Amino acid sequence: MILAEVLIERSANALNRPFTYRYPFQDKLAKGVRVIVPFNHQEVVGYVINVINDPRDKVTYEHESGFVINDIKRVLDQSPLLDDELFALAKKVANYYLAPLISVLQTMLPPSLAPRYSSLKAPKIHYDKYLAILDPSEKDLTPKQIELLRLIYQNDKVLKRDVKSPSIVKKLIELKRIREIAIEAPRLKIPEFAKEQKKNLTPDQKKAVQAILHGKSKTSLLEGVTGSGKTEVYLALSEEIIRGGKNVLMLVPEISLTHVMVEYYQRRFHGKVAILHSELTPAEKYDEYRRIARGEAHIVVGARSAIFAPLKNIGLIILDEEHVESYKQDVVPTYHAREVAFMRADTNNARVVLGSATPLLETRIRAMRGIYNYVLLPKRINEMPLPKTTIVDMLKGYNLCRESHMFSKVLYEKIKDRLARHEQVILLINRRGYAPSVICRECGQTIKCPDCNIALTYHREDNMLKCHHCGHVEMMSKTCPHCGSKFLSRTGFGTERIEQEINRLFPNAKTLRLDSDVGKVRNNIGKVIEQFRHHAADILIGTQMIAKGHDFPDVTLVGVVLADIGLSLPSFRYTEKAFTLITQAVGRSGRAHKPGEAVIQTYMPTHYVITLASKQNYEAFFRQEMLVRKTSQYPPYTYLISLTIKAKNEEVAEDATYQIANELLNKNYPTVKVLGPTTPYIPYENKWYMRTILIKYKREGELRKYLEQLLLTLQHKPSIAIMVNVDPFDF
């Protein structure tokens with residue numbers, strides 16, 4: 001009797017173990033395939049992790065074990081979906097992040113191959129039907145038949161749908177002169193670009209390439225000011241790795257950056273590039289995944305999940321803009337692409353490059369201590385100076401523009417000047433929508449999301465209120481839901497409002513907007529970037545999506561409309577994120593041969609984040625922030641794990657959280673400090689109440705064993721759910 005140990009598709013901690021099924025078919029069953037199995041009176045998809053040849057028959061097995069054994073209903077795959085390396089990686093990720101293994105497998109595989117029931121409806125292989133020659137003999141054929149036969153013969157094969165005479169096709173097939181063949185047709189069309197020759201590197205870039213290729217550590221921090229040519233270093237490194245017969249994983253933090261990076265790599269490595277990111281359709285992702293697995297690509301460019309690409313023989317993994325928080329997933333499994341990159345590099349004996357103008361403090365200190373190679377690009381590629389920056393205090397009335405309270409006189413005049421010179425402007429406001437909140441002027445209540453209790457944002461484009469956390473949407477209310485008043489006030493401003501103001505102030509200027517609302521329409525991100533790069537617009541307005549990695553030669557002015565956003569958030573990283581965003585945004589200006597300027601509008605003009613970011617002085621910021629982190633004992637001086645406890649009843653959530661916190665305190669683990677329980681910034685979500693505990697530690701010791709046991713214990717308490725987040729980027 002053949003038995004299979006199967007992980008079922010449910011990712012609850014209580015089900016994080018294999019279930020045994022009998023395999024009733026004659027064909028050989030392999031590990032790593034998906035199967036349909038009965039579970040709790042339903043049919044679900046499972047993933048086979050082990051196959052056992054048991055000498056007993058079904059009756060004997062059930063008698064001796066005391067369990068009824070169910071049969072596998074159907075096998076979905078002909079061969080394993082993951083090779084040994086990727087399955088071992090899945091187990092490492094699940095173990096490190098204390099996540100159910102099935103959740104990791106579902107993250108690694110594209111929708112069409114994922115072990116979940118919805119994959120049965122996902123797109124499969126797409127074939128084009130061609131006509132090919134079987135027998136070129138023209139004997140006894142009509143002129144029309146001969147004409148088609150010769151056409152197919154001359155072209156080797158012809159698409160069947162291009163032939164307008166189905167009756168002639170049918171007759172030639174019957175006469176066995178031609179045959180129909182199916183050839184897999186990829187649904188993703190990667191843009192073609194003129195092949196580019198290798199560029200001459202600057203002395204600094206040459207040193208960087210050699211230092212990374214021959215450094216003592218397999219991991220390198222490539223730190224370079226904005227515009228210093230890090231991308232050209234990535235390309236040069238990739239050439240060396242591919243010349244040595246190995247492959248490259250190139251990760252970017254935002255989908256908006258994949259379009260640009262794909263162009264760079266396609267120009268240099270024509271036809272060897274594959275793409276993986278969430279903007280691809282399930283069909284496109286399926287085709288690209290299989291193309292990579294077949295070894296038809298030497299370079300994979302993508303966002304966070306591309307770290308799981310089925311690329312073999314990896315020689316180099318690059319994380320561009322390594323500081324960006326989007327490399328960390330905030331749902332189970334809560335992996336960070338950087339840690340997974342280290343795991344894959346270790347297996348493949350590959351090198352890892354972490355690139356940034358503003359590296360994470362943890363990355364920078366490891367480089368300074370020699371754990372990573374520390375590689376610097378201190379100057380802009382064209383020797384141009386960094387942008388001249390002006391900080392404007394928006395608390396001072398005389399600084400405000402008379403035409404609009406959203407802009408200072410300085411920014412207004414500089415925008416007008418750039419438009420007159422036919423140069424381009426970028427305006428950053430890290431808040432999408434039209435107004436961040438709607439408040440009743442009668443009762444003072446803010447209209448909030450019913451699912452997570454945070455303020456709904458007004459979007460003028462479709463006259464709706466939207467929750468930027470959980471996605472709840474409702475029509476803009478005409479009256480206050482609390483008191484019925486008609487006097488509702490839309491407060492604050494976001495990208496939509498800024499765009500409206502710019503169009504009013506500069507009616508002849510062409511504008512584009514780039515935020516996640518624009519990005520909801522597929523391929524919009526790439527279109528907007530290309531349009532702006534080719535000067536189809538004068539002003540680009542957007543969120544953080546426009547602040548990283550883009551190179552627009554005609555941009556000579558960047559305006560940070562409200563630099564204070566994020567500076568008051570309850571997070572130990574709030575200063576680091578604000579500094580990085582402002583620095584990166586300012587760095588978009590003056591990247592070619594025209595000098596650049598930046599204007600930073602703020603209500604906190606003396607805050608060290610604002611003053612240091614305006615000068616792009618990462619060194620001074622690093623020293624200042626490390627003092628703060630040391631005093632408060634946050635990373636890089638400690639490690640973190642956060643526990644989020646959820647329950648449908650608020651008292652149950654609170655009691656369970658206090659019980660866990662007290663247990664941890666009573667353990668008296670050395671180097672472990674417990675903060676909380678606390679109520680998170682968003683305390684209520686989809687009818688679940690949430691409480692959090694933050695654990696600081698320097699050595700794991702018994703802590704991990706405790707957490708593993710805690711997860712097992714809570715398996716038997718369906719009223720409580722827990723999420724463990726190892727190395728949380730934020731909390």
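Got a number for residues in segment 47-106 being without any contact (Cβ under 8 Å) to a residue 40 or more places away in the chain and charged (D, E, K, R)?
6
Taking Gly215 and the conditions (1) open to solvent by 30 Å² or more (accessible area, probe 1.4 Å); (2) within 29 Å of Asp346 (Cα to Cα); (3) small (Gly, Ala, Ser), which numbered condition does it fall short on, given that it satisfies the others?
Of the numbered conditions (1) open to solvent by 30 Å² or more (accessible area, probe 1.4 Å); (2) within 29 Å of Asp346 (Cα to Cα); (3) small (Gly, Ala, Ser), the odd one out for Gly215 is (1).
Any residue at all in segment 633-642 that's part of a loop (DSSP other than H, G, I, E, B) and in contact with a Phe, Trp or Tyr (Cβ under 6 Å, 6 or more places away or on another chain)? Write out each step before concluding.
Step one: of segment 633-642, the residues part of a loop (DSSP other than H, G, I, E, B) are 633-638.
Cutting the leftovers down to in contact with a Phe, Trp or Tyr (Cβ under 6 Å, 6 or more places away or on another chain) gives us 634.
Yes: one or more hits.
Among residues belonging to segment 99-134 that are in contact with a strand residue (DSSP E or B) (Cβ under 7 Å, 6 or more places away or on another chain) and in a helix (DSSP H, G or I), point out the one that is farthest from Ala309 (Cα to Cα).
Filtering first and then ranking leaves Tyr117.
What's the number of the only condition in (1) more than 23 Å from Leu428 (Cα to Cα); (2) hydrophobic (A, V, I, L, M, F, W, C); (3) open to solvent by less than 50 Å² (accessible area, probe 1.4 Å) that Leu465 fails to meet?
The one condition Leu465 does not meet is (1).
Is one or more of the residues making up segment 359-379 modelled with pLDDT under 95 and surrounded by 17 or more Cβ atoms within 10 Å (Cβ to Cβ)? Can you show your working first?
To start, the set of residues in segment 359-379 that are modelled with pLDDT under 95 comprises 378-379.
Checking which are surrounded by 17 or more Cβ atoms within 10 Å (Cβ to Cβ) leaves us with 379.
Yes, segment 359-379 contains a residue that is modelled with pLDDT under 95 and surrounded by 17 or more Cβ atoms within 10 Å (Cβ to Cβ).
Does segment 235-242 include one or more residues that are hydrophobic (A, V, I, L, M, F, W, C), at pLDDT 90 or above and closer than 29 Å to Ser103 by Cα?
No, because not a single residue in segment 235-242 is hydrophobic (A, V, I, L, M, F, W, C), at pLDDT 90 or above and closer than 29 Å to Ser103 by Cα.
Can you pull out every residue in segment 243-257 that is within 21 Å of the chain's Cα centre (by Cα), at pLDDT 95 or above and either more than 13 Å from Ile314 (Cα to Cα) or in a loop (DSSP other than H, G, I, E, B) (or both)?
Within segment 243-257, Leu251, Val252 qualify.
So is Cys449 open to solvent by less than 10 Å² (accessible area, probe 1.4 Å) and free of Cβ contacts under 8 Å to residues at least 40 places away in the same chain or not?
yes
Can you tell me which residue in segment 548-571 is nearest to Pro680 (Cα to Cα), limited to those that are open to solvent by 20 Å² or more (accessible area, probe 1.4 Å) and hydrophobic (A, V, I, L, M, F, W, C)?
Leu569
Mind checking which pairs have a first residue in segment 409-437 that is part of a helix (DSSP H, G or I) and a second that is β-branched (Val, Ile, Thr) and surrounded by fewer than 18 Cβ atoms within 10 Å (Cβ to Cβ), Cβ under 7 Å, 6 or more apart or different chains?
Val410/Thr390
How about segment 18-45: which of its residues are part of a loop (DSSP other than H, G, I, E, B) and either of a type in the set (S, T, N, Q) or more than 18 Å from Ala114 (Cα to Cα) (or both)?
Pro24, Phe25, Gln26, Asp27, Lys28, Leu29, Asn40, His41
Looking at segment 505-521 only, could you name the residues that are in contact with a strand residue (DSSP E or B) (Cβ under 9 Å, 6 or more places away or on another chain), in a loop (DSSP other than H, G, I, E, B) and either more than 18 Å from Arg460 (Cβ to Cβ) or of a type in the set (Ser, Thr, Tyr) (or both)?
Phe506, Ala509, Lys510
Can you tell me which residue is farthest from Ser516 (Cα to Cα) among those in segment 453-492 that are touching a Pro at 6+ places or on another chain (Cβ under 8 Å) and part of a loop (DSSP other than H, G, I, E, B)?
Restricting to residues being touching a Pro at 6+ places or on another chain (Cβ under 8 Å) and part of a loop (DSSP other than H, G, I, E, B), the top hit is Asn453.
Taking into account only those residues within segment 646-676 that are free of Cβ contacts under 8 Å to residues at least 24 places away in the same chain and in a strand (DSSP E or B), which is nearest to Cys467 (Cα to Cα)?
Among them, the one singled out is Gly676.
Starting from residues that are assigned to a loop (DSSP other than H, G, I, E, B) and open to solvent by less than 20 Å² (accessible area, probe 1.4 Å), keep the ones in segment 281-320 and report whichever is farthest from Arg344 (Cα to Cα).
Filtering segment 281-320 for residues that are assigned to a loop (DSSP other than H, G, I, E, B) and open to solvent by less than 20 Å² (accessible area, probe 1.4 Å), the one farthest from Arg344 (Cα to Cα) comes out as Ala297.
Would segment 59-70 turn up any residue that is surrounded by 13 or more Cβ atoms within 10 Å (Cβ to Cβ) and within 22 Å of Ala12 (Cβ to Cβ)?
yes
Hey, among Lys92, Lys73, which residue is touching an Asp or Glu at 6+ places or on another chain (Cβ under 7 Å) and at negative phi?
Of Lys92, Lys73, the one residue that is touching an Asp or Glu at 6+ places or on another chain (Cβ under 7 Å) and at negative phi is Lys73.
Mind listing just one residue for me: the one in segment 100-129 that is over 30 Å from Val331 (Cα atoms) and open to solvent by 50 Å² or more (accessible area, probe 1.4 Å) and, of those, farthest from the chain's Cα centre (by Cα)? Write out each step before concluding.
Here is the first cut: in segment 100-129, the residues over 30 Å from Val331 (Cα atoms) are 126-129.
Then drop every residue that is not open to solvent by 50 Å² or more (accessible area, probe 1.4 Å), which leaves 126-127, 129.
Values: His126: 27, Tyr127: 30, Lys129: 36 Å.
Checked segment 100-129; the qualifying residue farthest from the chain's Cα centre (by Cα) is Lys129.
Under 6 Å between Cβ atoms, which residue pairs at least 6 apart in sequence (or on different chains) link something in segment 203-228 that is at negative phi and part of a helix (DSSP H, G or I) with a partner that is crowded, with 22+ Cβ neighbours inside 10 Å and acidic (Asp, Glu)?
none
List the pairs whose first member sits in segment 482-508 and is modelled with pLDDT of 95 or more, whose second member is of a type outside the set (Val, Ile, Thr) and part of a helix (DSSP H, G or I), and whose Cβ atoms are under 8 Å apart, counting only residues at least 6 apart or on separate chains?
These pairs meet every condition: Leu505/Tyr412; Phe506/Lys416; Phe506/Leu419; Asn508/Leu419.
Give the residue that is nearest to Pro436 (Cα to Cα), with candidates limited to residues of segment 468-517 that are surrounded by fewer than 14 Cβ atoms within 10 Å (Cβ to Cβ) and of a type in the set (Val, Ile, Thr).
Ranking the candidates gives Thr491 first.
The values are calculated or read from the model by the stated rules, or taken from the named source; none is laboratory data. Owing to the predicted nature of the structure, the values given are computational and were not obtained by experimental measurement. Heads up, the Cβs are rebuilt from the backbone with ideal geometry, glycines too, and the neighbour counts pull from every protein chain shown. In case anyone asks, the SASA skips ligands and DNA or RNA and just uses the protein heavy atoms, side chains included. Shrake-Rupley method; radii C 1.70, N 1.55, O 1.52, S 1.80 Å.
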